[in-house]
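The values are calculated or read from the model by the stated rules, or taken from the named source; none is laboratory data. From a predicted model like this one, the values you see are computed outputs, not experimental measurements. Here the Cβ is made from the backbone with ideal geometry for all residues, glycine too, and neighbour counts use every protein chain on show.
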Amino acid sequence: MRFVFPFACAVLAVGWSSAPADDLPELGDVSRTTITAVQERQLGEGIMRQIRSVPQYVDDPEVTDYINGLGYRLVANAPTVEQQFEFFVLADKTVNAFALPGGFIGVHTGLIITAQSESELAAVLGHEIGHVSQRHIARMFTQQKQAGIASMAALALAILAARSSPDLAQAAVAGAQYATYQTAVNFTRDNEREADRVGVQILEKSGFDPRAMPAFLERLQRSYRLYDTNAPSYARTHPLTYERIADVENRVQGLPYKQVPDSLDFQLIRARLEARDMNPRDGVAFFDDILTEKKTVNDVPARYGLVMSLMRLKDYQRAAREMTTLLAEAPDSAIVVALAGRVKVASGDTRGALELYAAAIKRFPRNRAISYDYARVLLDSKRPKEALQLVTHALEYSRADSRLYQLQAECYAALGQALQQHRSLAEAYVVLGSLPAAIDQLQIALKAGDGDFYQLSSAEARLRELRALDAERRKEQRQQ
């Protein structure tokens, strides 16, 4: 794979120091900031509403569940966590990750594909978690001395523009002055050293190899030098230094050596992203070559990528043959089983797909991809009652899933229950952060002319609640 490093230094921004690790300042003291954790979360949620609407946002349940599972594993071992965390992926070939206010951490597909081990990917996430847990972003806002949340939001969007892809920059900057956001994106040397220290601690406690952090930085530095002359000014002003790498190496030197194997999910997600990124014919040739030449010890990831590419090429007959082998090789992988269901659907084997999903949902009851796909097949098979039962059960442990609410609305529509249909659509809009649209859906629901007394009362109560919340938000916006 070709390396692309236009924004490489944003992954683990530079810090220079020769001070001993024990002398690191504790920069994350909440008492030294003026923006609260709640305000920070509100900022992040506002930014995420915009991010979810851009084409680069990867709305893929397998990829999202993997990166969040890895992230939560690391967060569980992070110090002084005051925020909820949410990890998301952007389709971008550059090697990058970035933290936003409120515990939102973005990861580029280029980073996942380029990382040579799961510990390397975990090292980058651990560093970003360190920035969040120590509240470095909140401190940057305070130092900027901006008046109000609106100004802080503009800065946050500018940070996203600089730390993410250029395609997002035009909308993100939103009129912010270049000098202001250029200052905002520069974490201080002490910020970076503290994030490194916290990241190493998180890696060790989470069972990953902490030596992956300096190894990744060294490889990044070597590769970055090849692209330095073409790098944007932001990247050129944040060089990776030998002092920075040496400081991280000193931190891990006394730790016991551990060899940590990559999880199968990590390998499958890398293959999934590679297959998505290639022309389908090129993907088939690429993965065929790996399998034929025996270039890897484990055939499962390459065969998974091959089936993905065959599906994109619409060669369903061969995809079904390869899928039989893949299922035999990895019968306990939810990611593999979900793909098997899609192959059966694409091949026209609806009965086989329903049987596979019925068994899979019992083995993987909280897997979103399987839940989505099973509900879709049930709906397409004119079995909305079963689909509704499935989706409603899934919502019991995943209340913040807009796609489940949308599927629930389809189920109610198929059953002729208009009030419940629009009530579900309202909840989908709430999750997406659009209160006016949610209010509109509840108003439509109350005019539907169906529903029992309890359903009408519940919808009316929810409408009052959302109107009050919307009014409160509008008031806050006026005050800013």
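If you take the residues in the stretch 193-247 that are crowded, with 18+ Cβ neighbours inside 10 Å and more than 26 Å from the chain's Cα centre (by Cα), which one is modelled with the lowest pLDDT?
Of everything passing the filter in the stretch 193-247, Arg244 is modelled with the lowest pLDDT.
Looking only at the stretch 49-75, which residues are at pLDDT below 95 and not hydrophobic (A, V, I, L, M, F, W, C)?
Arg49, Gln50, Arg52, Ser53, Pro55, Gln56, Tyr57, Asp59
Being within 24 Å of the chain's Cα centre (by Cα), surrounded by 15 or more Cβ atoms within 10 Å (Cβ to Cβ), modelled with pLDDT of 95 or more and not hydrophobic (A, V, I, L, M, F, W, C), is that true of even one residue in the stretch 409-425?
Within the stretch 409-425 (the criterion being within 24 Å of the chain's Cα centre (by Cα), surrounded by 15 or more Cβ atoms within 10 Å (Cβ to Cβ), modelled with pLDDT of 95 or more and not hydrophobic (A, V, I, L, M, F, W, C)), the answer is no, since none of the residues qualifies.
I'd like the full set of residues that are among the charged types (D, E, K, R) and over 22 Å from Met48 (Cβ atoms), limited to the stretch 382-409.
Hits for the stretch 382-409 are Lys382, Arg383, Lys385, Glu386, Glu396.
Could you tell me whether the stretch 262-278 includes any residue that is over 30 Å from Asn191 (Cα atoms), without any contact (Cβ under 8 Å) to a residue 40 or more places away in the chain and in contact with a Leu (Cβ under 9 Å, 6 or more places away or on another chain)?
Yes, there is a match, as at least one residue in the stretch 262-278 is over 30 Å from Asn191 (Cα atoms), without any contact (Cβ under 8 Å) to a residue 40 or more places away in the chain and in contact with a Leu (Cβ under 9 Å, 6 or more places away or on another chain).
Taking the conditions exactly as written (touching a residue at least 24 places away in the same chain (Cβ under 8 Å), surrounded by 19 or more Cβ atoms within 10 Å (Cβ to Cβ) and not hydrophobic (A, V, I, L, M, F, W, C)), does Arg376 satisfy them or not?
The answer is no for Arg376.
Write out, first by first residue and then by second, each pair whose Cβ atoms fall under 7 Å of each other, whose residues are 6+ apart or on separate chains, and whose first residue, in the stretch 333-353, is part of a loop (DSSP other than H, G, I, E, B) while the second is surrounded by fewer than 20 Cβ atoms within 10 Å (Cβ to Cβ) and not aliphatic (A, V, I, L, M).
Listed by first residue and then by second, the contacts come to Ser347/Tyr316.
Does at least one position in the stretch 438-449 carry a residue that is modelled with pLDDT under 95 and out of contact with any Gly (no Cβ under 6 Å at 6 or more places or on another chain)?
There is at least one residue in the stretch 438-449 that is modelled with pLDDT under 95 and out of contact with any Gly (no Cβ under 6 Å at 6 or more places or on another chain).
Can you find a residue that is at pLDDT 95 or above and under 20 Å from Ala91 (Cβ atoms) anywhere in the stretch 289-302?
The answer is yes, given that some residue of the stretch 289-302 is at pLDDT 95 or above and under 20 Å from Ala91 (Cβ atoms).
Report those helices (runs of 4 or more DSSP H) wholly inside the stretch 361-450 carrying at least 2 residues which are among the small types (Gly, Ala, Ser) and out of contact with any Cys (no Cβ under 6 Å at 6 or more places or on another chain).
Ranges flagged: 368-380, 402-414, 418-432, 435-446.
Looking only at the stretch 348-386, count every residue that is more than 27 Å from the chain's Cα centre (by Cα) and of a type outside the set (Lys, Arg) and tell me the total.
Number of matching residues: 16.
Residues in the stretch 452-471: is at least one farther than 21 Å from Val391 by Cα, assigned to a loop (DSSP other than H, G, I, E, B), free of Cβ contacts under 8 Å to residues at least 60 places away in the same chain and not assigned by TED's automatic domain parsing to the domain that holds Arg41?
Yes.
Mind checking whether some residue in the stretch 80-94 is part of a strand (DSSP E or B), under 13 Å from the mean Cα position of the chain (by Cα), modelled with pLDDT of 90 or more and of a type in the set (Asp, Glu)?
Yes, there is a match, as at least one residue in the stretch 80-94 is part of a strand (DSSP E or B), under 13 Å from the mean Cα position of the chain (by Cα), modelled with pLDDT of 90 or more and of a type in the set (Asp, Glu).
Which residue, of Asp373, Asp440, is farther than 30 Å from Val343 by Cα and charged (D, E, K, R)?
Going through Asp373, Asp440 in turn, just one is farther than 30 Å from Val343 by Cα and charged (D, E, K, R): Asp440.
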